[in-house]
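Structure first, then comments.
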Amino acid sequence: MSDAENKEDYARLMQEYLDLCNRALAANRDRFPYGAIWQAAEQALSGEEMEFAVVDDAPKARMRVCLKDRHLDLQECGCAGEVPVRRISADYIRRLLADPQKVIDNPSLIDWNWMKKSAGA
Amino acid sequence: MPYTAAMQQGRPGVTSLLVRHALFAGIDAATVDQFAQAGQLQDYSKGDTLFLQDDDAEWFYIIVSGWVKLFRETMDGHEAVIDILTSGQSFGETAILEDGRHSCGATAVEKVQLLRLPAPMLKRSISENNRMALAMLHTLSQHRRRQTREIESLTLQNASQRIGCFLLRLCTIDMAEPIELKLPYDKSLIAARLGMKSETFSRALNKLRDETDIKVEGSLVTIPRLEVMSSFSCSACSNEFPCDDIS
């Protein structure tokens with residue numbers, strides 16, 4: 001696989017992960033305690049954009065997101081400079097994507113801890 | 001369970017125990033004080049049941065001292081040990097994620113002292129206090145890591161690596177070598193915790209000895225080189241030593 005194809009592959013993986021996160025956010029919006037947690041995170045982050053890197057043996061792709069109305073919006077990402085500290089393992093994403101309904105039913109399978117770190121809580 | 005006057009006097013101790021826990025770190029003093037006042041210090045003996053799987057979760061717990069076993073009943077009636085926790089760790093609060101019922105049972109592995117806290121108070125705090133809601137991300141994360149670790153450990157690591165991983169969790173990176181450890185509980189329980197039978201455990205421990213030169217005498221383990229142990233044990237895992245899923 002060429003470098004470009006490889007990069008595209010990881011970018012698609014990241015996009016699928018983001019879609020799954022958003023499906024979990026939407027499906028559990030009113031479910032306790034998830035709704036309360038995400039609402040608190042959204043207020044604490046107040047429009048802040050956060051950059052993530054998907055990592056396999058090395059960082060492969062990046063995305064920048066913003067949490068708004070309990071939805072992760074993909075932002076324009078220059079994706080230059082230092083690799084972001086928020087990293088997501090490609091294997092972990094693949095495992096989640098293997099059974100998306102399980103993740104939507106049980107959103108604690110997604111790593112939301114970045115919200116806490118980003119909010120400085 | 002006994003709730004003695006002597007324990008009551010330890011209320012400042014209860015507060016300091018709470019603020020050291022990730023769930024209460026950064027939470028306002030009034031809320032922490034509310035939990036400290038409502039908290040009950042309790043002693044349990046080896047084998048005491050704290051709660052059973054599917055019980056309504058009225059309380060959640062922080063371990064003051066000792067070890068607690070979390071387990072699930074399998075379809076064939078056996079017990080699957082899903083975690084063994086010690087001082088400073090909490091359990092039972094994930095019931096909030098499971099419609100208010102405990103998804104596993106808990107028993108005292110040995111004499112244990114626990115701080116028992118009311119689950120409805122935690123629920124109310126999450127709804128009313130944004131800091132507490134954010135702090136629950138720790139619980140979510142702990143819950144997720146426990147689930148992920150179990151799957152990874154059982155599918156990716158061989159039996160010797162799982163024992164090595166268990167031993168590494170008793171180590172810190174700044175320990176002087178050779179590292180001398182005392183196994184925290186008996187080997188049959190460690191085997192159950194790692195999802196293997198006692199005979200498999202013995203064979204795997206022998207292989208681990210060959211691979212890493214560790215010495216095991218009774219409950220004492222000597223690890224000559226941490227790097228050799230981590231290189232062998234962590235090679236099939238997505239985490240590296242020191243593992244960040246300990247909380």
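The values are calculated or read from the model by the stated rules, or taken from the named source; none is laboratory data. Just so it is clear, the model here is predicted, and its values are computed rather than measured. Every residue, glycine as well, gets a Cβ built from its backbone with ideal geometry; the counts of neighbours run over all protein chains shown. Quick note on the areas: whole protein, heavy atoms, side chains included, nothing else; ligands and nucleic acids left out. Shrake-Rupley method; radii C 1.70, N 1.55, O 1.52, S 1.80 Å.
Find the strands (runs of 3 or more DSSP E) located wholly in region B:1-105 whose residues include 3 or more that are surrounded by 21 or more Cβ atoms within 10 Å (Cβ to Cβ) and assigned by TED's automatic domain parsing to the domain that holds B:R116, and list them.
So the answer is B:59-65, B:68-73.
Please indicate, with yes or no, whether at least one residue in region A:67-87 is within 14 Å of another protein chain (Cβ to nearest Cβ), open to solvent by less than 30 Å² (accessible area, probe 1.4 Å) and closer than 30 Å to B:L156 by Cβ. Within region A:67-87, none of the residues are within 14 Å of another protein chain (Cβ to nearest Cβ), open to solvent by less than 30 Å² (accessible area, probe 1.4 Å) and closer than 30 Å to B:L156 by Cβ.
If I filter region B:106-121 down to residues being under 18 Å from the mean Cα position of the chain (by Cα) and open to solvent by 10 Å² or more (accessible area, probe 1.4 Å), which single residue comes out as nearest to the other protein chains (Cβ to nearest Cβ)? The extreme case among them is B:R116. Counting the residues of region A:14-54 that are at the interface with chain B (Cβ under 10 Å from one of its Cβ atoms), closer than 19 Å to A:L96 by Cβ and open to solvent by 30 Å² or more (accessible area, probe 1.4 Å) gives 1. Taking region B:215-227 as the range and being open to solvent by 50 Å² or more (accessible area, probe 1.4 Å) and under 17 Å from B:I173 (Cβ atoms) as the test, the residues that pass are B:R225, B:E227.
For region B:122-133, indicate whether the set of residues that are over 30 Å from B:S202 (Cβ atoms), part of a strand (DSSP E or B) and within 14 Å of chain A (Cβ to nearest Cβ) is non-empty.
Just the residues of region B:122-133 that are over 30 Å from B:S202 (Cβ atoms), to begin with: B:122-133.
Among the residues that remain, those that are also part of a strand (DSSP E or B) are: none.
No - not one qualifying residue is present in region B:122-133.
So how many residues does region B:75-95 have that are closer than 16 Å to B:Q53 by Cα and in contact with a Lys or Arg (Cβ under 8 Å, 6 or more places away or on another chain)?
In the first step, residues of region B:75-95 are kept if they are closer than 16 Å to B:Q53 by Cα; the result is B:75-84, B:91-95.
Imposing the further condition that a residue be in contact with a Lys or Arg (Cβ under 8 Å, 6 or more places away or on another chain) reduces the set to B:79-84, B:95.
Residues flagged as closer than 16 Å to B:Q53 by Cα and in contact with a Lys or Arg (Cβ under 8 Å, 6 or more places away or on another chain) within region B:75-95 amount to 7.
Go through the residues of region B:193-214 one by one and say whether even a single one is over 30 Å from B:K111 (Cβ atoms), open to solvent by less than 20 Å² (accessible area, probe 1.4 Å), away from every other protein chain (no Cβ under 14 Å) and touching a strand residue (DSSP E or B) at 6+ places or on another chain (Cβ under 9 Å). Within region B:193-214 (the criterion being over 30 Å from B:K111 (Cβ atoms), open to solvent by less than 20 Å² (accessible area, probe 1.4 Å), away from every other protein chain (no Cβ under 14 Å) and touching a strand residue (DSSP E or B) at 6+ places or on another chain (Cβ under 9 Å)), the answer is yes, since at least one residue qualifies.
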